[in-house]
Amino acid sequence: MTPPPFHRVRWTSALTLAALGAGTVRARRRLRTIPVLPAPPAAVDGLPRAAGWRLLTARGVEVNPATFLAACAHAEREGLRVLDLLPADLAAEQALGLLRLVDPAGYEEDRLAEGRGAGYAVLVAEEVLARAGADLAGTGLEGAGGREPADLMALIRRLKEYAAGSTGLAIAPALSVGRSGDPAGAVRAAELRAQGLPPGVLAGAQLAGLALLAGLAGRQGRWGAAAAGLYWVQPYLVLGGSGGPLRPADLAGATAARPARALGAAVRTAAAVLRAPDDAGANTDADPDAARAAVYRAELAFGTDRFLEPRRADCPWCGSRRLSVRVRVPDLLQGKPGRFALEQCADCHHVFQNPRLTVDGLEFYYRDFYDGRGGEGAGTVFGRLGDSYRARAEMLRPHTVDAPASWLDVGTGHGHFCNAARGVWPDTRFDGLDMGDGVGEAERRGWVETGFQGQFPEFAQKLAGRYEVVSMYHYLEHTRDPFTELDTAAAVLAPGGFLAIELPDPESRMARLLGSAWLPWFQPQHQHLMPAANLRGALADRGFTVLAEEHGPAHQGNDFFGAVALTTTRLAPDPDRPWAPTATRRGRALAHAVRAAALPCFAGAAALDALRTAVARRTDGGNAYRLLARLDDRRRAALGEER
């Protein structure tokens with residue numbers, strides 16, 4: 001009997017081999033797209049002056065004048081305001097890590113891409129430094145004394161936000177760092193944190209990957225040996241060969257000893273992460289959460305019941321008294337104390353928080369989520385939604401001939417949507433409005449022209465008739481009175497203006513399947529979740545005509561991943577959260593163990609979300625929906641007279 005085709009193929013090894021091969025090819029392609037500065041001439045005559053530029057370097061790194069001026073010339077020619085210079089002898093593993101994170105071909109144009117660099121030399125326009133407010137004298141970035149690569153890695157992440165479409169990379173052939181050996185565990189952990197990456201998670205993933213490769217090599221014959229071998233020689237395949245733009249001094253050693261060096265780096269990094277809380281606890285004055293913890297302890301001494309209003313007996317949308325509890329959950333987002341209920345109306349199917357939070361309660365539960373302690377994490381999440389932001393902006397294109405002159409994004413946060421939408425509508429003035437301090441930062445970054453801070457209804461008269469487009473993307477569900485928000489939108493729109501809204505869909509199948517672990521319930525922040533039919537009716541009552549409605553394209557691919565994240569938080573909240581009692585060593589170890597055990601679940605959830613997203617796009621049945629509506633001129637005038 002003839003054996004079936006591929007009967008000897010070890011599929012785990014084959015898939016691993018394919019993934020490593022694809023990563024190798026991608027890294028080589030990306031390496032070829034990194035610009036290379038021209039070799040410095042013998043004399044610097046004829047090169048442009050360096051007025052208006054600052055060069056920041058790490059300790060022990062020297063850049064000769066010709067390289068500095070060549071970098072200035074390259075930046076001026078390419079329209080860059082921030083340029084990270086890669087040393088020609090950059091360490092092999094560091095080069096591979098950078099190539100995994102950055103696609104140089106689209107890095108400059110991607111306005112939401114995180115700033116990345118090698119951390120040895122950064123050329124910055126002085127006006128960008130001024131707008132960023134970088135206090136160089138107080139951060140070790142001024143002078144040559146205490147500057148480390150991690151400092152510059154963190155700085156370039158910040159500077160990219162202020163030069164969103166004008167930050168780039170270039171290889172400087174004459175720049176050498178002369179460093180060898182792997183960084184110590186604490187240094188590597190600091191560099192990963194500076195890049196916005198979780199060192200503990202990455203160390204765990206690296207150890208798991210090495211264990212997988214060892215298992216494949218030992219148990220799956222030549223297929224497993226091929227996968228392990230490809231990993232072993234990957235540095236040379238990407239960076240080796242004559243004429244390459246990078247010439248790592250440690251390439252031979254990094255290739256020959258890669259498994260051992262990778263194992264050592266992962267173990268040292270993991271050990272540094274595990275030691276860090278104890279080290280920090282030895283000096284509470286240096287703990288950035290110490291002041292927060294004191295404030296939270298004082299507030300929680302009075303309990304959390306005072307943060308909730310009395311329960312209402314009727315639906316705020318239609319007035320029906322036929323209510324039932326849809327979900328009842330604690331705060332799974334931050335692990336703050338309290339328990340919250342979402343009730344659903346049997347008549348109009350509106351879902352709302354009941355009892356709802358007071359204004360003080362909203363302040364308490366929002367604090368340290370979008371700014372403060374959680375600001376960096378929130379910014380990272382929002383920064384990865386570029387495709388969604390551009391799709392929202394493109395929704396308007398079929399319904400207008402000319403680009404809108406003015407656009408107000410309500411609930412803009414730090415202005416991520418406006419920043420991305422500039423690539424779709426470059427001639428449009430984008431303004432933003434939000435309650436948080438982030439809207440001021442968005443204005444300083446240049447992501448919005450004007451940032452208004454406060455409640456939207458407060459600006460109804462001041463902004464009356466000013467905008468051609470008003471957008472509310474995942475904003476209306478956070479508000480206490482959606483009807484008042486829609487009234488305000490009608491007031492600030494010019495005649496014939498457009499209103500764009502995106503919301504979670506409480507009628508999504510995943511809401512029923514996942515129950516309280518469905519991320520868009522987002523308790524305790526979400527106050528109202530309305531079906532699309534309800535919103536269409538409310539818009540019609542205010543003189544709007546719905547032009548387009550999208551469900552599949554609005555889908556956010558986070559159902560399963562979010563469910564795993566919420567469940568993990570429920571089982572093992574952040575042990576260092578300042579609103580909880582001081583974590584014990586046992587509690588901290590349990591949290592680390594639960595998170596480590598959840599890693600395979602996150603991987604599986606990501607795969608399921610990818611499949612779910614593909615289905616949602618085809619069936620138009622996502623977990624969110626978008627509406628685009630136009631305000632009728634005559635109805636707007638009539639509504640104005642009634643008010």
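The values are calculated or read from the model by the stated rules, or taken from the named source; none is laboratory data. Only a predicted model underlies this, so the values are computations on that prediction, with no experimental measurement involved. Note that we place each Cβ from the backbone using ideal geometry, even for glycine, and neighbour counts take in every protein chain shown. Areas reflect the complete protein model, heavy atoms only, side chains present, ligands, DNA and RNA absent. Shrake-Rupley method; radii C 1.70, N 1.55, O 1.52, S 1.80 Å.
Can you tell which of L47, L80 is at pLDDT 90 or above and in a loop (DSSP other than H, G, I, E, B)? Spell out the reasoning first.
Numbers: L47 fails: at pLDDT 90 or above.
So the residue among L47, L80 that is at pLDDT 90 or above and in a loop (DSSP other than H, G, I, E, B) is L80.
What's the number of the condition F456 fails, among (1) within 16 Å of E161 (Cβ to Cβ); (2) open to solvent by less than 30 Å² (accessible area, probe 1.4 Å)?
(1)
Tell me which helices (runs of 4 or more DSSP H) are completely within segment 305-417 and hold 1 or more residues being more than 30 Å from Y467 (Cβ to Cβ), or say none if there are none.
Details: elements: 359-366, 375-383, 386-394.
The qualifying helices (runs of 4 or more DSSP H) are 359-366, 375-383.
Which of the following residues is over 24 Å from V273 (Cβ atoms), of a type in the set (G, A, S) and open to solvent by less than 50 Å² (accessible area, probe 1.4 Å): A605, A591, A616? Walk me through it before giving the result.
Working: A605 fails: over 24 Å from V273 (Cβ atoms); A591 fails: over 24 Å from V273 (Cβ atoms).
On inspection, the qualifying residue turns out to be A616.
Please go through segment 164-190 and give me each residue that is open to solvent by less than 50 Å² (accessible area, probe 1.4 Å), outside any loop (DSSP other than H, G, I, E, B) and at pLDDT below 90, ordered by number.
G185
So A572 passes all but one of these: (1) open to solvent by 30 Å² or more (accessible area, probe 1.4 Å); (2) free of Cβ contacts under 8 Å to residues at least 40 places away in the same chain; (3) among the hydrophobic types (A, V, I, L, M, F, W, C). Which condition number does it fail?
Here A572 meets the rest and fails (1).
I want to confirm something. Restricting to segment 346-394 and keeping residues that are open to solvent by 20 Å² or more (accessible area, probe 1.4 Å) and of a type in the set (A, V, I, L, M), which single residue is farthest from P575 (Cα to Cα)?
Filtering segment 346-394 for residues that are open to solvent by 20 Å² or more (accessible area, probe 1.4 Å) and of a type in the set (A, V, I, L, M), the one farthest from P575 (Cα to Cα) comes out as A346.
For residues that are at pLDDT 90 or above and among the β-branched types (V, I, T), tally how many sit in segment 612-631.
2
Here are the criteria: (1) over 24 Å from A95 (Cβ atoms); (2) open to solvent by 30 Å² or more (accessible area, probe 1.4 Å). Tell me which single one L216 does not satisfy.
Tallying (1) over 24 Å from A95 (Cβ atoms); (2) open to solvent by 30 Å² or more (accessible area, probe 1.4 Å), L216 fails exactly one: (2).
Report yes if D434 is buried (at least 22 other Cβ atoms within 10 Å of the Cβ) and more than 17 Å from A540 (Cβ to Cβ), otherwise no. So that I can check it myself, show each step before the final result.
Values: buried (at least 22 other Cβ atoms within 10 Å of the Cβ): yes; more than 17 Å from A540 (Cβ to Cβ): yes.
Answer is yes for this residue.
What pairs can you find where one residue is in segment 397-408 and surrounded by fewer than 14 Cβ atoms within 10 Å (Cβ to Cβ), the other is not aromatic (F, W, Y) and not in a loop (DSSP other than H, G, I, E, B), and their Cβ atoms are less than 8 Å apart, with a gap of 6+ or different chains?
P398/A548; H399/L547; H399/A548; H399/L628; H399/R630; A405/R429; A405/E468
When both residues are 6+ apart or on different chains and their Cβ atoms are under 6 Å apart, which pairs have a first residue that lies in segment 319-342 and is without any contact (Cβ under 8 Å) to a residue 12 or more places away in the chain, and a second that is assigned to a loop (DSSP other than H, G, I, E, B) and hydrophobic (A, V, I, L, M, F, W, C)?
Every condition considered, the pairs that remain are R321/A313.
Being in contact (Cβ under 8 Å) with a residue 24 or more places away in the chain and over 22 Å from E114 (Cα atoms) is the filter here, so list the residues in segment 77-91 that pass it.
Kept after step one, since they are in contact (Cβ under 8 Å) with a residue 24 or more places away in the chain, are these residues of segment 77-91: 78-91.
Residues satisfying the conditions are A88, D89.
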